[in-house]
1. List the relative contact order of the chain as a percent without decimals, with contacts defined as Cα pairs under 8 Å and 6+ residues apart.
2. Against the empirical 2.2 N^0.38 Å scaling, what ratio does the C-alpha Rg of segment 3-86 come to?
3. For segment 9-49, list log₁₀ I(q)/I(0) at each q in 0.15 Å⁻¹, using the Debye formula over Cα point scatterers of equal strength and ignoring solvent, two decimals each.
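Read-outs: derived from the displayed coordinates by stated rules, not from any lab. Computed from a prediction, not measured in an experiment: that's the story for all the values here.
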Amino acid sequence: MWREDYEELEKRVASRDRAAFSALERAYTNIVNTFIVTKLGDQRAARTLTERTFTRAWDVIDRYPWRDFSFHVWILRIARDEVDNSRGPREN
């Protein structure tokens, strides 16, 4: 897929286009999963958190700042939050 294709999908996702979101999910699932595996070192947990990442992204898609961030950056921020949340509360 070309960058222009991604940009068009990102615009459509911002309008709650489920097909566009599914296309981006297919494109980025491996990237998100690899990112989470490197943080947790647990493939099974990473698959679960990858699914949660995309579910959460769809749930808050109205807040996707497509003009400011590429979907790639935004989805990895959500993945990072899912990893942090999976580790439980931080000790001070």
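1. 32 percent
2. Rg over 2.2 N^0.38 Å, computed on Cα atoms: 1.04.
3. Computed log10 I(q)/I(0) values: -0.43.
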